[in-house]
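Following: one structure in structure tokens, then a few remarks.
The values are calculated or read from the model by the stated rules, or taken from the named source; none is laboratory data. Nothing here was measured: the structure is a model prediction, and the numbers come from that model. Because the Cβ atoms are built from the backbone with ideal geometry, glycine has one as well, and the counts that use them run over all protein chains shown. Heavy atoms of the whole protein, side chains included, go into the accessibility calculation; ligands, DNA and RNA do not. Shrake-Rupley method; radii C 1.70, N 1.55, O 1.52, S 1.80 Å.
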Amino acid sequence: MGFPKEFLWGGAVAAHQLEGGWQEGGKGLSVADVMTVAEGDNDATKQRKITDGVLPGHTYPNHEAIDFYHRYKEDIKMMAEMGFKCFRTSIAWTRIFPNGDDAEPNEAGLKFYDDLFDEMLKYDMEPVVTLCHFELPLNIAKKYGGFRDRRVVDMFVKFAVTCFKRYKNKVKYWMTFNEINNQADVNVEFTAFTNSGVQYQPGENRYQTLYQVVHHEFVASAKAVIEGHKINPDFQIGCMVAMNPIYPETCKPMDQIAQIKEMERNFYFYADVHCRGHYPSYMLKHWENEGIEVKIEDGDLETLNNGKVDYLAFSYYKSYATKYDEKTKKPTEAKNNFVQVSDWGWPIDPIGLRYSLNVLSERYELPLFIVENGIGLHEARTANQIQDDGRIKFFAAHIAQMKKAIDEDGVTVMGYLPWGPIDIVSAGTGEMEKRYGFIYVDKDNKGDGTLDRRPKKSFFWYKKVIQTNGEDLSV
Ligand code: BG6
């Protein structure tokens with residue numbers, strides 16, 4: 001009973017959110033380098049701007065981030081002190097291929113990750129690596145329109161293969177695209193850019209674009225899986241999907257249908273193709289009904305089938321609710337009165353994690369890896385240790401639900417990686433002050449601060465959780 005002995009406790013970050021060093025070691029500009037910090041009084045509605053290049057008069061928080069590029073040894077040491085069995089980060093594509101379409105990789109970039117992985121391995125910390133985490137080369141976005149262009153598939157595969165070959169003896173766990181499904185809502189222009197380097201043009205059929213882009217990413221992911229297994233048959237290569245379970249508002253039959261449709265559109269489609277290796281009939285019918293024509297080249301469907309993932313990784317932060325709207329005859333978002341929300345308006349729902357593990361395990365029968373979970377909090381800089389009891393409560397409740405899924409529901413979970421074990425730049429708002437860490441970093445939204453690191457109360461709590469293999473969740 002309880003967590004398996006080899007359970008992967010650790011934490012997760014993404015290169016652009018912590019490395020900084022945006023122009024060092026030959027790194028090119030990525031899409032994250034042209035995103036500003038969001039401003040405004042309302043946490044829940046603040047939005048970052050995407051500028052046309054790096055312009056004067058703006059704050060670009062990812063340029064320096066928390067300077068992990070220079071301080072990674074100190075940071076990895078602190079993760080080791082917490083007892084991390086693994087650490088998830090991404091490889092910045094622009095460190096390896098600064099423009100995305102370069103003929104040769106950049107040796108200084110490759111060397112940086114060699115050194116980083118060696119540092120982790122020194123502490124028996126397994127690297128878990130995402131290949132594409134919201135940091136496409138800006139050149140790919142500008143010159144090719146991002147993943148609209150089929151040629152970008154080969155660029156991604158070349159990048160993936162370069163990494164697989166170089167790190168084949170250091171990294172076993174890989175993921176292709178981070179949260180590939182969070183671009184599903186085409187009204188959100190931001191995620192089209194962060195995920196795929198796409199900027200929608202006035203008047204274009206955004207769904208047509210989305211599904212073509214996503215087809216290219218599915219093929220790129222499947223090709224990477226196929227090539228990766230050739231390079232090292234022991235590789236475990238997963239997809240990564242944002243799991244925001246959507247509940248029906250009531251037991252009205254049409255609310256159930258609304259729920260299924262919303263889950264298909266926002267989640268299942270993306271996981272289905274990666275895990276089952278083919279396009280599901282509900283989506284083929286939807287495309288037919290909407291007149292969407294996805295250009296699928298000869299051999300693509302075979303590639304999808306041969307490039308199924310080894311495991312399903314997902315992030316879990318929140319859940320939503322939906323209902324059938326009689327007037328529009330469409331699903332519409334509903335309020336869930338049974339959950340609280342964070343300052344940034346994210347519903348807090350620990351049982352939703354158990355629910356997600358059950359649903360995904362039943363549907364895919366694959367090992368599941370929780371590669372992100374956490375809560376962003378405001379934390380005042382104080383002289384003494386930060387007493388982040390709110391974070392401890394959040395994690396204790398989620399870990400307890402994960403344990404039930406393992407012990408009572410028979411779900412196979414590979415590991416659990418809290419998001420942002422050290423304070424980093426928020427992807428959604430660019431803020432430093434939306435803090436997720438067990439480790440406090442002295443830097444504010446304007447970029448001021450010493451960058452000093454300090455353990456918070458939760459640092460010692462999580463250390464104990466890992467030491468007891470998840471048995472002791474008490475404060
Ligand atoms: C996920 C991303 O969407 O959520 C991370 O994979 C991101 O990159 C995390 O940081 C938390 O979101 P945010 O907007 O609070 O940073």
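Sparse packing (at most 16 other Cβ atoms within 10 Å of the Cβ) combined with a DSSP loop state is found for the following GluC sites (Glu not before Pro) in the range 162-224: Glu204.
The accessible area of Leu304, taken with all protein chains in place and a 1.4 Å probe, comes to roughly 10 Å².
Per residue of the chain, the DSSP helices (runs of n ≥ 4 H) give a summed -39500 (n - 2.57) that works out to -11500 deg cm²/dmol at 222 nm. For the range 283-392, applying the loop criterion from DSSP together with a ceiling of 15 other beta carbons within 10 Å to the trypsin sites (Lys or Arg not before Pro) yields Lys295, Lys327, Lys329, Lys335, Arg381.
Between Glu362 and Ala108, what is the spin-label point distance in nm, taking each point 7 Å from the Cα along the Cα→C-beta axis? For the pair Glu362/Ala108, the computed spacing is 5.3 nm. In square nanometres, what is one fourth of the surface area of the convex hull spanned by the alpha carbons of the chain? Projected area, direction-averaged: 21.8 nm².
Each label was represented as a point 7 Å from its Cα along the Cα-to-Cβ direction; for Asn306 and Lys404 these points are 4.4 nm apart. Rounded to the nearest 0.05, what FRET efficiency do Lys457 and Cys251 have when you use their Cβ-Cβ distance and R0 = 56 Å? Efficiency at R0 = 56 Å is approximately 0.85. Does the range 199-295 come out rounded, prolate or oblate by the C-alpha gyration tensor, with a ≥ b ≥ c the root eigenvalues, rounded set by a/c under 1.5 and, if not, prolate when a/b is larger than b/c and oblate if not? Oblate is the answer for the range 199-295, as a/c is 1.5 or above yet b/c matches or exceeds a/b. Once the Cβ-Cβ distance of Ile226 and Ala44 is raised to the sixth power relative to R0 = 56 Å, the FRET efficiency obtained is 0.85. In the chain, the portion of solvent-accessible area held by carbon and sulfur atoms comes to 49 percent [1.4 Å probe, whole percent, DNA, RNA and ligands not counted]. Per-residue extension of 0.36 nm, minus the Cα-Cα distance of Asn205 and Lys143, leaves a gain of 20.3 nm for this segment.
Protein-only accessible surface at a 1.4 angstrom probe places the residues Leu29, Leu210 in the order Leu29, Leu210, largest first. Note on the chain: with charges restricted to the Cβ of Lys and Arg (+1) and Asp and Glu (-1), its dipole about the Cα centre is near 380 debye. Between Ile466 and Asp115, the simple label model (points 7 Å from Cα in the Cβ direction) yields a spacing of 2.3 nm.
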